[in-house]
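Below you'll find the structure, written out as structure tokens, and then a few comments.
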Amino acid sequence: MKRYLVFALVGPFVGGFLLLLTTTYQSGYWAQTSLGEVGKLFAVFFKTLQYSYLFGLLPSLMIGAIDDILVHVRRIGPGLRMLLVGLFAFVLAALTYSSRGPDSGAVQFILYGLVGFVPAAMSSWLVHRYVTEPQAVAAPT
């Protein structure tokens, strides 16, 4: 249960911030903005944080369920599990957020994929580091 709590708290927070950074980069905000206006970015982030949790809670819990399934596979170590969970979240976020129009490309696909990869890998690492994991049971032969 602690595993899902970590994914539910960390995933939408980090993912929402990365999504905000990605969309501001895609819109050209950073090309014409001074460093002094970065405070506006954080103001927008904290005003929209409730929506990050509203729309990011269920996907974060689904990624947490995948992590929970993979922790029971004995042959998959923690490092590989973090990578697999992160790659799965990368593909899902990239397909969900990136467009397929004329402005799409590799940069857009990678940026939106990182919106899923970073929170998933970070949550999986936090779970591995701070939550006691069950011992995998060997399959009967």
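Comparison of 107, 115 shows that the only residue that is of a type in the set (A, V, I, L, M, F, W, C), open to solvent by 30 Å² or more (accessible area, probe 1.4 Å) and within 14 Å of residue 26 (Cα to Cα) is 107.
A quick yes/no check of all residues on (1) more than 20 Å from residue 85 (Cα to Cα); (2) in contact with a Pro (Cβ under 7 Å, 6 or more places away or on another chain):
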position: 8; (1), (2): no, no
position: 16; (1), (2): no, no
position: 26; (1), (2): yes, no
position: 31; (1), (2): yes, no
position: 39; (1), (2): yes, no
position: 44; (1), (2): yes, no
position: 49; (1), (2): yes, no
position: 56; (1), (2): no, yes
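Looking at 126, 92, just one residue is closer than 22 Å to residue 25 by Cα and assigned to a helix (DSSP H, G or I), and that residue is 92. Restricting the range 27-70 to residues that are among the polar types (S, T, N, Q) and over 21 Å from residue 111 (Cβ atoms) leaves a set whose member that is surrounded by the most Cβ atoms within 10 Å (Cβ to Cβ) is 50. Only one of the listed residues (6, 73) is on the phi < 0 side of the Ramachandran plot and either under 15 Å from the mean Cα position of the chain (by Cα) or at pLDDT 95 or above (or both). That residue is 6. Just one of (1) touching a helix residue (DSSP H, G or I) at 6+ places or on another chain (Cβ under 7 Å); (2) closer than 26 Å to residue 131 by Cα; (3) open to solvent by 30 Å² or more (accessible area, probe 1.4 Å) fails for residue 11. It is (3).
The values are calculated or read from the model by the stated rules, or taken from the named source; none is laboratory data. What you see is a predicted model; the values in this text were computed from it and never measured. Please note: Cβ atoms are built from the backbone with ideal geometry, for glycine as well, and neighbour counts cover all protein chains shown. What goes into the accessible areas is simple: the full protein's heavy atoms, side chains included, and nothing from ligands, DNA or RNA. Shrake-Rupley method; radii C 1.70, N 1.55, O 1.52, S 1.80 Å.
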